[in-house]
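Each reported figure results from applying straightforward, stated rules to the coordinates on display, with no laboratory input. It should be emphasised that the depicted structure is a prediction, and the values quoted were computed from it without experimental measurement. Ideal geometry is used to build each Cβ from the backbone, glycine not excepted, and the neighbour counts take in all protein chains shown.
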Ligand SMILES: [Ca+2]
């Protein structure tokens, strides 16, 4: 092959790789360990309000699930919430796993939500009161009946399959149940949100996020 042919072949391969990435869902791992401390996490869209922040912190605030860093979410606003989101592409089936910790000094309502546009597909909550909840199609938050301990890291795994119509919850390695998804639409974005409209001074930590989209 001459140089011109090699360049054309190379560009063609890059183009095909781009098509594959655009057509299929992607997966990612986020440990915040290479991220800049004190700043919003790179690669995530910050959707929080002006008084709610999501910043990368080191072990001076809490011992991260995976050291040296984790994400600290703070809500000081009665009218808004801290929120970060990340796109992963349409996925009819997949798993999101994350570690979360709520401090007893200022626990918050921490949500992990899977969305497509304005539609919620899964909305999962670790409540400030220590309850594990999910939102059903009516828009109500429902109790799973499971409690969780404050001041400790917990690993949550949410697995969805549109064909089955359910998502499963594995909590600290044990399956706690299957719950109906809100809407049968392939989610393309994962959101972590802390806050509610009438509470202030909430803090929660998130680390070790892994999305596997199929
Ligand atoms: Ca980490």
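Computed quantities for the displayed model
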| quantity | calculated |
| --- | --- |
| Subset of region 46-62 that is without any contact (Cβ under 8 Å) to a residue 60 or more places away in the chain, within 16 Å of the ligand (Cβ to nearest atom) and assigned to a loop (DSSP other than H, G, I, E, B) - its residue that is farthest from the chain's Cα centre (by Cα) | 60 |
| Residue within region 149-156 that is within 26 Å of residue 188 (Cα to Cα), within 16 Å of the ligand (Cβ to nearest atom) and without any contact (Cβ under 8 Å) to a residue 24 or more places away in the chain present | no |
| Residue pairs meeting the criteria (Cβ under 9 Å; at least 6 apart or on separate chains; first farther than 17 Å from residue 36 by Cβ and touching a residue at least 24 places away in the same chain (Cβ under 8 Å), in region 63-83; second within 11 Å of the ligand (Cβ to nearest atom) and assigned to a loop (DSSP other than H, G, I, E, B)) | 65/31; 65/153 |
| Search result, residues across region 88-129 that are surrounded by fewer than 18 Cβ atoms within 10 Å (Cβ to Cβ) and farther than 17 Å from residue 192 by Cα | 90, 92, 93, 104, 105, 106, 129 |
| Residue match in region 140-162 (condition: closer than 13 Å to residue 124 by Cα, out of contact with any strand residue (DSSP E or B) (no Cβ under 9 Å at 6 or more places or on another chain) and surrounded by fewer than 15 Cβ atoms within 10 Å (Cβ to Cβ)) | yes |
